[in-house]
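First the structure, in the form of structure tokens, and then the observations on it.
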Amino acid sequence: MLADQTLHWPGGDCRLFVGVALNPAQQQQMAAVLATLPAGLKPVPAENLHLTLRFLGQSSETQARALWAQLRATSLPVFSVRLEQLLCWPGPKVLCLAGEITDPALRDLDASISQAAASAGYPLSQHPLHPHLTLARGAKQFPQSPVTVPALQVQPTELHLYQSVSTPAGVRYPILASLPLVMA
Ligand code: 3AM
């Protein structure tokens with residue numbers, strides 16, 4: 001499927017981030033894993049699974065369009081990352097499956113996104129990129145009972161601009177625009 005490069009703006013200012021999704025087989029695999037997480041954890045809905053590459057925060061339409069135009073004019077490399085380390089981050093209280101950046105293409109992509117974000121006027125990222133898939137929230141500490149999560153080799157084909165929408169039923173991440181990642 002061709003990426004929809006058009007940016008569909010929902011109106012007003014929006015909370016945004018740039019990221020990638022799992023492929024459908026991985027999403028299904030992880031949905032099954034989410035269903036087995038110990039009680040006390042709040043698994044994320046499977047449709048919310050994603051890897052955040054850059055959190056942008058509250059954004060105007062003008063700023064988002066400037067960012068997306070710059071990314072559209074950039075050759076965005078396809079990358080691969082292996083997520084295999086189960087981590088509990090006590091600050092945001094999330095359980096996540098994390099990996100290291102070993103593919104130079106991911107460093108290049110991160111640099112391109114940072115450059116586009118800076119020229120569109122977004123503040124510098126507070127943390128260096130640490131690839132991770134948030135699995136559950138409400139994780140004050142590492143779960144006492146054993147958690148089995150398979151390693152995941154993620155090789156996305158598209159970059160997405162996600163909106164983060166809070167609703168009474170929970171957070172949703174609609175995709176506002178997508179760009180293809182290309183072989184170098
Ligand atoms: O689930 P992950 O971590 O991939 O952590 C938040 C989530 O990504 C991250 O943006 C994604 C959608 O909410 N996020 C939220 N607030 C953030 C902040 N102030 C943030 N990342 C960095 N700084």
Heavy-atom accessible area with a 1.4 angstrom probe orders 96, 88, most exposed first, as 88, 96
On a C-alpha basis, how far is the centre of the stretch 132-149 from the centre of the stretch 91-106 in Å? Whole number, if you could? 14
If R₀ is 41 angstrom, what is the calculated FRET efficiency for the pair residue 153 and residue 13, using the beta carbon separation as r and rounding to 0.05? 0.65
If you plug each phi of the stretch 138-151 into the Karplus form 6.51 cos²θ - 1.76 cosθ + 1.60 with θ = phi - 60°, what whole-Hz ³J(HN,Hα) values come out, in order, with x for Gly and Pro? x, 9, 6, 8, 4, x, 5, 7, x, 10, 10, 10, x, 5
Net charge around residue 133, counting only other residues with Cβ within less than 12 Å of its Cβ (Lys, Arg = +1; Asp, Glu = -1)? 0
Based on the Cα atoms of the chain, what semi-axes does the equivalent ellipsoid have, where each is the square root of 5 times one gyration tensor eigenvalue, given in whole Å with the largest first? 27, 19, 15
Residue 27 and residue 102 label points (each 7 Å along its Cα→Cβ direction) are spaced in nm at 2.7
Sorted by accessible area (1.4 Å probe), largest first, how do 134, 102, 6, 167 line up? 102, 6, 167, 134
If I model a spin label as a point 7 Å beyond the Cα along the Cα-Cβ vector, how far apart are those points for residue 111 and residue 88 in nm? 3.8
Kirkwood Rh and Cα-based Rg: tell me the resulting Rg over Rh for the stretch 135-184, rounded to two decimals. 1.10
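How much of the accessible area of the chain, probe 1.4 Å, is carbon plus sulfur, in whole percent?
Reported share for carbon and sulfur atoms: 54 percent.
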Determine the gain in length on full extension of the stretch residue 80-residue 124; use 0.36 nm per residue of separation and subtract their C-alpha separation, reporting nm with one decimal. 13.4 nm
With a 1.4 Å probe and all protein chains left in place, how much accessible area per residue does the chain have, in Å²? 53
Using a Förster distance of 41 Å, how high is the FRET efficiency between residue 184 and residue 145, based on the Cβ-Cβ distance and rounded to 0.05? 0.45
Hey, what angle do you get for helix 104-119 against the long axis of the chain, alpha-carbon based, 0 to 90 degrees rounded to 10? 60
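The values are calculated or read from the model by the stated rules, or taken from the named source; none is laboratory data. On a predicted model such as this, the values are computed, not experimentally measured, just so you know. Virtual Cβ from ideal backbone geometry, glycine too; neighbours counted across all protein chains shown. Remember, those area values only see protein heavy atoms, side chains included, never the ligands or the DNA or RNA. Shrake-Rupley method; radii C 1.70, N 1.55, O 1.52, S 1.80 Å.
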